[in-house]
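See structure below.
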Amino acid sequence: VAPQRWHVHASRLPAGGEASDLWVDAAGRLSSGPVAGAEDLPGRFVLPGLVDAHAHLTLDMSGTGLRRGSRQLVDANLVAHLRVGVLLVRDAGAVPGARVGGDRAGRPAVVAAGRWLAPAGGYLPDVIEPVPAEGLVAAALAELAASDGWVKVVADFPTSDRLAGEAPPHYDPDLLRAVVGAVHAAGGRVAAHTTGPAVADAVAAGVDSVEHGVSLDEGLLAEMAARGTAWVPTLTTVAMLLGLESRAGTEAERARAAEADARLRELLPAAARLGVTVLAGTDICPHGSVPQEVGYLVRYGLEPAAALAAATTSARAFLGRPALEAGAPADLVTYDADPREHPEVLRRPAAVVLGGRRVV
Ligand SMILES: [Zn+2]
């Protein structure tokens, strides 16, 4: 395949400002100095490749009809991410036995967290092999050995099909602490699914990211900021599961849903103020929904630049990947209009470059 060289003249987001120049050399690396023979890339605004920090590549969220956990489904889902410029995906829970991690040519990079670790009845029943309390540490270390440095623990799960329902803790606080200690000692990190009060145990145990976190409060956010714990609020999914528009559920459930919604609208700006790393994750939305999630992050109170950072620079830094730095692999996305003013432009990139090759 012939090498490609690109010249990008664009305002660098999320910060923005005057347009500046960036080049992509024939080795697929970014350069701050001119590259001979470079072609102009379309677009007036540029972001580092987008990141979906919470997706499930082994599940068919987009109605492809492909078999759950199959290689074909994972690939189709990665293509859906690629089309909107998502070039890095953290898989936050896979069906047992499926391996989704690693790099594939021409596809977004994947950071896999292995299978969901949850007790019997403690998650969607058809996607887990239950992990009883006494087996949790060993299961976590086994997943870590086969994943990309992450383990996913389901700390609680709603007992009804309503997200605003009760979600009692699955494992006791000492066990959560033991799991986090063991995974950290082995060089890994822990993502914790939680919608109920177990979020306090998860934060105290030292998990590295809180997934959903519908029951967070400002005190816990302050603790997360101090510890460097990230929050992946998965707002598009949460808003859908709270059923705010459908007005489904009992009166008590609707009241709890409205209360959770109001709390999230206070927590997002508080997280930004306190310095918590907030990341964009699409969870059970169709693959390639990061643009919608960025829109939700703005709607719930993040500044547009912070919402873009949640899907790019903050996520890359958190996952240990470079952004638009000289010498880094050329993973970037350009737009004709400013996504800070119009988040919907994220749905239609002017160009997507993965490892130096233009794919959109
Ligand atoms: Zn999830």
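The values are calculated or read from the model by the stated rules, or taken from the named source; none is laboratory data. What you are looking at is a predicted structure, and each value in this text was computed from that prediction instead of being measured. Methodologically, a virtual Cβ is constructed for each residue, glycine included, from the backbone with ideal geometry; neighbour enumeration extends over all protein chains shown. Surface areas here come from the heavy atoms of the whole protein model, side chains and all, with no ligands, DNA or RNA. Shrake-Rupley method; radii C 1.70, N 1.55, O 1.52, S 1.80 Å.
Tell me, which residue of segment 86-103 that is more than 14 Å from the chain's Cα centre (by Cα) and either touching a residue at least 40 places away in the same chain (Cβ under 8 Å) or more than 16 Å from the ligand (Cβ to nearest atom) (or both) is surrounded by the fewest Cβ atoms within 10 Å (Cβ to Cβ)? Out of the qualifying residues, it is 97.
For residue 280, the conditions (1) more than 16 Å from the ligand (Cβ to nearest atom); (2) touching a helix residue (DSSP H, G or I) at 6+ places or on another chain (Cβ under 9 Å); (3) open to solvent by less than 10 Å² (accessible area, probe 1.4 Å) are fulfilled apart from (1).
Out of segment 40-52, which residues are assigned to a loop (DSSP other than H, G, I, E, B) and crowded, with 20+ Cβ neighbours inside 10 Å? Within segment 40-52, 41, 43, 49 qualify. When segment 205-224 is limited to residues that are within 18 Å of residue 137 (Cβ to Cβ) and touching a Gly at 6+ places or on another chain (Cβ under 9 Å), the one that is most open to solvent (accessible area, probe 1.4 Å) turns out to be 208.
Each row is one residue, and each column tells you yes or no for (1) within 16 Å of the ligand (Cβ to nearest atom); (2) open to solvent by 10 Å² or more (accessible area, probe 1.4 Å); (3) part of a helix (DSSP H, G or I); (4) touching a Lys or Arg at 6+ places or on another chain (Cβ under 7 Å).
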| position | (1), (2), (3), (4) |
| --- | --- |
| 54 | yes, no, no, yes |
| 69 | yes, yes, no, no |
| 76 | no, yes, yes, no |
| 79 | no, yes, yes, no |
| 110 | yes, no, no, no |
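If the condition is being among the aliphatic types (A, V, I, L, M), within 28 Å of residue 258 (Cβ to Cβ), open to solvent by 10 Å² or more (accessible area, probe 1.4 Å) and touching a Lys or Arg at 6+ places or on another chain (Cβ under 8 Å), then segment 157-204 contributes only 164. Number of residues in segment 247-261 that are of a type in the set (Asp, Glu) and either open to solvent by less than 30 Å² (accessible area, probe 1.4 Å) or within 22 Å of the chain's Cα centre (by Cα) (or both) equals 1. When we screen 360, 353 for residues that are modelled with pLDDT of 95 or more, more than 19 Å from residue 15 (Cα to Cα), surrounded by fewer than 21 Cβ atoms within 10 Å (Cβ to Cβ) and of a type outside the set (D, E, K, R), the only hit is 360. The single residue among 274, 264, 244, 297 that is under 19 Å from the mean Cα position of the chain (by Cα), more than 25 Å from residue 11 (Cα to Cα), away from the ligand (no atom under 16 Å from the Cβ) and of a type outside the set (Lys, Arg) turns out to be 264. For segment 296-321, filtering for residues that are open to solvent by 50 Å² or more (accessible area, probe 1.4 Å) and part of a loop (DSSP other than H, G, I, E, B) leaves 3. Tell me which residues, restricted to segment 11-43, are over 26 Å from the mean Cα position of the chain (by Cα) and under 28 Å from residue 306 (Cα atoms). Of everything in segment 11-43, those that are over 26 Å from the mean Cα position of the chain (by Cα) and under 28 Å from residue 306 (Cα atoms) turn out to be 17, 18, 19, 20, 21, 22, 23, 24, 31, 32, 41, 42. For segment 225-243, the count of residues that are without any contact (Cβ under 8 Å) to a residue 12 or more places away in the chain, surrounded by fewer than 16 Cβ atoms within 10 Å (Cβ to Cβ) and more than 27 Å from residue 320 (Cα to Cα) is zero.
In segment 21-39, the count of residues that are open to solvent by 30 Å² or more (accessible area, probe 1.4 Å), at negative phi and within 16 Å of the ligand (Cβ to nearest atom) is zero. Residue 133 falls short on exactly one of the conditions (1) modelled with pLDDT of 95 or more; (2) on the phi > 0 side of the Ramachandran plot, and that condition is (2). Scanning segment 117-156 for residues that are surrounded by 15 or more Cβ atoms within 10 Å (Cβ to Cβ) and in a helix (DSSP H, G or I) turns up 127, 136, 137, 139, 140, 141, 142, 143, 144.
Just one of the listed residues (226, 182) is away from the ligand (no atom under 16 Å from the Cβ), farther than 21 Å from residue 171 by Cα and not acidic (Asp, Glu), and it is 226.
Note on segment 45-86: residues that are of a type in the set (Asp, Glu) and closer than 25 Å to residue 209 by Cβ amount to 2. For residue 166, state whether it is free of Cβ contacts under 8 Å to residues at least 40 places away in the same chain, under 23 Å from residue 270 (Cβ atoms), away from the ligand (no atom under 16 Å from the Cβ) and not hydrophobic (A, V, I, L, M, F, W, C). Spelling it out, it is not the case that residue 166 is free of Cβ contacts under 8 Å to residues at least 40 places away in the same chain, under 23 Å from residue 270 (Cβ atoms), away from the ligand (no atom under 16 Å from the Cβ) and not hydrophobic (A, V, I, L, M, F, W, C).
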